[in-house]
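Read the structure below first, then the notes.
The values are calculated or read from the model by the stated rules, or taken from the named source; none is laboratory data. It should be emphasised that the depicted structure is a prediction, and the values quoted were computed from it without experimental measurement. Cβ: placed from backbone, ideal geometry, glycine included. Neighbour counts: every protein chain shown. Side chains included, ligands, DNA and RNA excluded: accessible areas come from the protein's heavy atoms. Shrake-Rupley method; radii C 1.70, N 1.55, O 1.52, S 1.80 Å.
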Amino acid sequence: MADRHRPRVAVYPGSFDPLTNGHIDIIERGARIFDSIVVAILVNVEKAPLFTTQERVEIVKDVFRSRPNVEVDTFDGLLVDYVTRREAQVIVRGLRAVSDFEVEFQMALMNRRLDPAVDTVFMMPAEQYTYISSRLIKEVFSLGGRVSGLVPESVERRLREKQGARR
Ligand code: PNS
């Protein structure tokens, strides 16, 4: 039986390279349902991210600075091990479209096999964010397209700074 006195902690893992308004929508929904939600940024040494881990942490911290039940952290290794270390019970993942489902289903079942005590909860973002991905944001911005309204202002500013530094 669930312990009613134990805080319900959710972990929202991802690359967040960069954070989008779709991610923000999911974090806000999670923060309303769970006692707290930990935005867990994967430190992936193999991938070459556009934003450093530190920058990605700063962006999330900045957006959620007035939300005490939203925390940001980094992790490496197995997600389920991190979830256990944080004494969390739930992994939150966003589902934008049917195309997300297959890979998310695989990850959720693998994570359940690795640790049956951890459950995955899927949340749908608002419709206007269903087509946004970090990859598309980076591509559109690098080709001169507008991304305002799709990412927080701090991300847009940092994208511009990175572009300026390259020129
Ligand atoms: O934002 P992303 O890139 O879709 O997030 C993917 C993430 C970080 C959730 C996934 O790659 C992950 O959990 N990596 C940690 C390693 C791990 O536990 N792998 C097995 C999960 S099935």
Tally of residues being within 14 Å of the ligand (Cβ to nearest atom), within 16 Å of PRO18 (Cβ to Cβ) and over 17 Å from the mean Cα position of the chain (by Cα) across segment 117-147: 0
Residue list for segment 134-167, filter: at pLDDT below 95 and either loosely packed, with under 11 Cβ neighbours inside 10 Å or part of a loop (DSSP other than H, G, I, E, B) (or both): GLY164, ALA165, ARG166, ARG167
Residue under evaluation LEU19, criteria (1) among the hydrophobic types (A, V, I, L, M, F, W, C); (2) in contact with a Leu (Cβ under 9 Å, 6 or more places away or on another chain); (3) within 16 Å of the ligand (Cβ to nearest atom), criterion not met: (2)
Hits in segment 54-71 - residues which are crowded, with 17+ Cβ neighbours inside 10 Å and over 17 Å from VAL151 (Cα atoms): VAL70, GLU71
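Restricting the search to segment 9-26, which residues are over 18 Å from VAL151 (Cβ atoms) and either in contact with a helix residue (DSSP H, G or I) (Cβ under 8 Å, 6 or more places away or on another chain) or open to solvent by less than 10 Å² (accessible area, probe 1.4 Å) (or both)? Break it down into steps so the answer makes sense when it comes.
Here is the first cut: in segment 9-26, the residues over 18 Å from VAL151 (Cβ atoms) are 9-11, 13.
Scanning segment 9-26 gives ALA10, VAL11, PRO13.
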Near pairs, Cβ below 7 angstrom, 6+ apart or cross-chain, from segment 27-46 (open to solvent by less than 50 Å² (accessible area, probe 1.4 Å)) to any residue that is at pLDDT below 95 and more than 11 Å from the ligand (Cβ to nearest atom): SER36/PRO7
Residues satisfying the stated conditions in segment 112-133, i.e. open to solvent by less than 90 Å² (accessible area, probe 1.4 Å) and touching a Leu at 6+ places or on another chain (Cβ under 6 Å): PHE122, ILE132
Matching residues in segment 64-116 - criterion: being under 24 Å from VAL155 (Cβ atoms), more than 9 Å from the ligand (Cβ to nearest atom), assigned to a loop (DSSP other than H, G, I, E, B) and out of contact with any Pro (no Cβ under 8 Å at 6 or more places or on another chain): PHE64, ARG65, SER66, ARG67, PRO68, ASN69, LEU95, ALA97
